[in-house]
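Below is one structure, written out as structure tokens; comments come after it.
The values are calculated or read from the model by the stated rules, or taken from the named source; none is laboratory data. No experiment lies behind these values; they were computed from the predicted model shown. Cβ atoms come from the backbone with ideal geometry, glycine included; neighbour counts cover every protein chain shown. Surface accessibility is based on the protein's heavy atoms, side chains included, excluding ligands, DNA and RNA. Shrake-Rupley method; radii C 1.70, N 1.55, O 1.52, S 1.80 Å.
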Amino acid sequence: MQSQSLQRYLPILVAALIVIVVLLAVVLIVRQPGEPAATPEATTAVAEEAAGLSGDAMAVAQERGLTPDDVIAALKTYIPTGKPDEYIMFSSGGHSGQVLVIGLPSMRLLKVIGVFTPEPWQGWGYGAEETMKVLEEGRVDGKEITWGDTHHPALSETAGDYDGQFLFINDKANARVAVIDLRDFETKQIVKNPIAINDHGGAMVTPNTEWVIEGGQYATPLAWEYASLDDYADAYRGMVTFWKFDRDKGRIIPEESFAMELPPYWQDLCDAGKKVSEGWVFCNSFNTEMSTGGVEEGNPPFEAGASQRDMDYLHIINLKKAAEVAAAGQVKQINGFNVITLDTAIAEGLLYFAPEPKSPHGVDVTPGGDYLVIAGKLDPHVTVYSFEKIQKAIESGAAEKDQYGVPILSFDDVVETQIEVGLGPLHTQFDDKGYAYTSLFLDSAVARWTLGGPYQELHDDPAWSLVTKIPVHYNVGHIAAAEGDTVSPDGKYLVSLNKWSVDRFVSVGPLLPQNFQLIDISQPGDQLQLLYDMPIGIGEPHYAQIIKADKLQPWDVYPEIGWNPHTQSKDPNAVEAGQERVERNGNTVEIWMTAVRSHYNPERIEVKKGDRVIWHITNIERAKDATHGFALPGYNINLSLEPGETVTFEFTADQDGVYTFYCTEFCSALHLEMTGYFLVQP
Ligand code: K7E
Ligand code: CUA
């Protein structure tokens, strides 16, 4: 019945769609950039006049109340079925502990990558040995942690450009960093920071991904040992950690990594120098007041106590030299980790401060590495520092020191300029036209302003000046422009990661989604167009990075049957068709099973209560998308077996009874028959 009426109306639907598409295209051609938005009636009139179109298609546009800007936005974001997106955005999933993969400009969600939090679809953390191992690496003092607060994804770079090979992301809550391999979009490693219990200034990478940066946040004694808050200035410390990344192994090497002890200011965000500033790292800080809270004892609350001074400190770190110092063994072991002490950092000239306007949040290095942009939450300006001036100031020696002896460069010596952009400036991105973009949290807007110096020739506007602002909805945190933090930004698109959505979507109860707004930044001057709203209902994403999709080279299926995604090589327990078997050895039962459309082999497994069960399953499919699941009720086992993959899981059969395992992916017409019995004798 349904398909009959579908057949009847299909030609009409297709005809109507063609008319709409033609109509929209005409509107796009007719409307000049910068022309003010018109009413729906005006849209109709313009389009009709231009093309003599009438009838059904116009009625649809009118009924939907679309303005010319709406129509253009739709044309700019619509991706016909079967066509891929031009860009891929890797977004933090916030306190979901995951990473979101989103296509641009369509804003379609392509994947949620399980990272710090178990994720059932990918069988991430539900029995599969290799996923359990990675999650175990992230334990804190042996304690299982089943979530994370992801903030800053960082794509691996070659010569300062995204290379599409790896993605790193931090967990602010527990000071951890994860490594995701972009051949299969799976998490391969989690490292727990041995000296910090929380972080924030990570993950960022150096231009060739030799180092993954993880800066701290709320100071504690190193290795979070107990010390009274009364001893804050003496016992508490900040830190920045440089994780050594081995590209061939696809792993961070903790033994070759090191941290630098910092004063107990709250280090916030970091960015790596590039090009002229390669080898340097910049982190900002707040709470240089060293407020310790205690509103309940009559102290100012943190929000006031940590905002008293007019200036905090930009941390300027000579990473290249620090790495040499660490390699020479001038480190202290804290919790088994290499740490350059604050005294060594000062003595070796590894650390300098420069004042930065109160309570800064963002620090972003320009594409050429020549300037750093700092935005203070409580200051309406962005402050632009010149790397050249910083170098000169370091050479001529700092007159002042902070109470720990860190040299403080003079503000006037190192600042290039300040630009008033609006209220609550946070994070800055760049494009290919010499513009910078800064999110304005309090204004709920994104400011476009011009870079000067070598960027002047890229645009026609006066240097270092505000060009325009576009409202966003609402409370924007980070913004992400296409490759907008690399040495060669693409321009084109910018996504505003808004914390509040208030009235943008149909109400789904008191917990509202975040709102990602896609903005067209391809036109110069004051022409910025809001194109699309994407609700994010999984956590509060902080940062995202946008890479050209053709830079990614993911596998369609695993390279060989029997692939172990953790070792990225053939698994010794891979099972070929015909080699399936069950072996008993004392109280241990070991199973080698295959999965293929539409059965498991073997289909019956019988063990005795108390047996140790070691179970290997190989998906022997070679067809793209022929994933099989494996669910074992009662034992909390849930796997995803991608084509070619071998998974091993182990458990003790401590409950007798009859358990039905089955495939969770609707893989074939006889998918419901892809099942089996797991019998546990009393
Ligand atoms: Cu939310 Cu970079 Cu953690 Cu700013 S951060 S918003
Ligand atoms: Cu395999 Cu369903």
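At a Cβ-Cβ separation cutoff of 4.7 angstrom, cysteine residues of the chain with no neighbouring cysteine are CYS663, CYS667.
Computed on the chain, with alpha-carbon pairs under 8 angstrom and 6+ residues apart, the relative contact order is 9 percent.
Each Lys or Arg adds one and each Asp or Glu subtracts one; over the other residues with Cβ under 15 Å from the Cβ of LYS83, this totals -1. Summing +1 for each Lys or Arg and -1 for each Asp or Glu among the other residues whose beta-carbon sits under 12 angstrom from that of LYS609 gives -2. Per-residue packing, averaged as other Cβ atoms within 10 Å, sorts the ranges 556-569, 617-630 into the order 617-630, 556-569, beginning with the highest. Element breakdown for the chain at a 1.4 angstrom probe: carbon and sulfur atoms account for 53% of the accessible area. Taking the average, over residues, of other Cβ atoms within 10 Å as the packing measure, peptides 74-81, 609-616 rank 609-616, 74-81 from highest down. Solvent-accessible surface of segment 301-441, averaged per residue with a 1.4 angstrom probe and all protein chains in place: 37 square angstrom.
Restricting attention to segment 70-191, the count of lysine pairs at 8 or more positions apart or across chains with alpha carbons under 18 Å apart stands at 5. Each peptide in 409-420, 169-180 receives the mean, over its residues, of other Cβ atoms within 10 Å, and ordering these scores from highest gives 169-180, 409-420.
Rolling a 1.4 angstrom probe over the protein heavy atoms with all chains in place gives segment 83-194 an accessible area of 29 Å² per residue. Toward the positive end of the charge dipole of the chain, with +1 on the Cβ of Lys and Arg and -1 on the Cβ of Asp and Glu, the farthest Cα among PHE353, THR652, TYR218 is that of THR652.
A 28 angstrom limit on the alpha carbon distance is what I want to check against. Which of LYS321/LYS499; LYS320/LYS433; LYS244/LYS275; LYS358/LYS401; LYS401/LYS499; LYS320/LYS377 exceed it?
Table pairs above 28 Å Cα-Cα are LYS321/LYS499; LYS320/LYS433; LYS401/LYS499; LYS320/LYS377.
All other residues whose Cβ lies under 14 angstrom from that of HIS473 are scored, Lys and Arg at +1 and Asp and Glu at -1, for a net of 0. Can you tell me how the chain classifies by the Cα gyration tensor, rounded, prolate or oblate, using a/c under 1.5 as the rounded cut? It is oblate, given that a/c is not under 1.5 and a/b is not larger than b/c. Computed from point charges on the beta carbon alone (+1 for Lys and Arg, -1 for Asp and Glu), the dipole magnitude for the chain about its Cα centre is near 1220 Debye.
Each part reduced to its alpha carbon centroid, segment 217-274 and segment 557-585 end up 40 Å apart. Per-residue ellipticity at 222 nm computed for the chain from its helices equals -4500 deg cm²/dmol, with DSSP H segments shorter than 4 residues left out and the rest contributing -39,500 (n - 2.57).
For the chain, hydrophobic long helices are taken as DSSP H runs at least 30 Å long by C-alpha position along their axis with mean Kyte-Doolittle hydropathy of 1.6 or more; these are 2-30.
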